[in-house]
Amino acid sequence: AEDHAVAIGGFDGTWYSDDGGDSWEYAHALELITDFDPLWDFDQGWTQQPDEAAVNATLQTSAVAGATGTLRFRGVGVDLLSARYSDGGSLQVVLDGVDEGTVSLAGAAESRAVVWSVRDLDDAWHTLELSVVSGVGVVDSALVWRLDYDQGDGPDDTGPPDTDETGSPDDTSG
């Protein structure tokens, strides 16, 4: 499937289209979360590799089946950027505990490819979990669609809420 996503930014925000420009929606802010941002958590099956074509000149890669990378983000949508290559592997995608299917990274060589995306999420913290199914899994970055620039829970909080031992938000923490 071809990606027909288009985004146009200006001083008053960003407009995006996921159908090649036939229809447009307004997004106030886009946040690029690179592979080494602390919002990502890659288990020990992943390694960071230099790649000049990647968004920030690095990629996370893993050939370990089941190796998992997790992104916590707040927003109303997200695009997963990866690299496609002729013998590309595949990733299992789970969003907020719901299996979203498997994404193939096989195809004509392409850097910064949007390999999976979702829109119309609640404006809340979400968990995106990626697991290697076969071959080599590759993660470049994620582009998060946000309703505003200040997504923290308070003036000093710019990260996800604390979680208890089950991974659920811990509303009793300060």
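The values are calculated or read from the model by the stated rules, or taken from the named source; none is laboratory data. Quick caveat: nothing in here was measured; it's all calculated off a predicted structure. Glycine gets a Cβ as well: all are built from the backbone with ideal geometry, and neighbour counts include every protein chain shown. The protein model used for the area step is the full one, side chains on, heavy atoms only, and it has no ligands, DNA or RNA in it. Shrake-Rupley method; radii C 1.70, N 1.55, O 1.52, S 1.80 Å.
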Taking θ = phi - 60°, what integer Hz values does the Karplus form 6.51 cos²θ - 1.76 cosθ + 1.60 yield along the stretch 89-99, in sequence order, with x for Gly and Pro?
x, 9, 10, 7, 10, 10, 10, 6, x, 9, 5
Under 13 Å, Cβ to Cβ, from Pro50 - net charge with Lys/Arg +1 and Asp/Glu -1
-4
Please work out whether the stretch 31-149 counts as rounded, prolate or oblate from its C-alpha gyration tensor, where a ≥ b ≥ c are the square roots of the eigenvalues and a/c under 1.5 means rounded, while otherwise a/b larger than b/c means prolate and anything else oblate?
prolate
In Å², and per residue, what accessible area does the stretch 66-110 have when probed at 1.4 Å with the other protein chains present?
37 Å²
Relative contact order as a percentage, the stretch 2-103, C-alpha pairs under 8 Å and 6+ apart, gives 14 percent
The stretch 92-134 shape via C-alpha gyration tensor axes, a/c threshold 1.5
oblate
Solvent exposure ordering (accessible area, 1.4 Å, most first) of Phe73, Phe42, Phe36
Phe36, Phe42, Phe73
Which peptide among 125-132, 64-71 comes first, and what is the full order, when sorted by highest mean count of other Cβ atoms within 10 Å?
125-132, 64-71
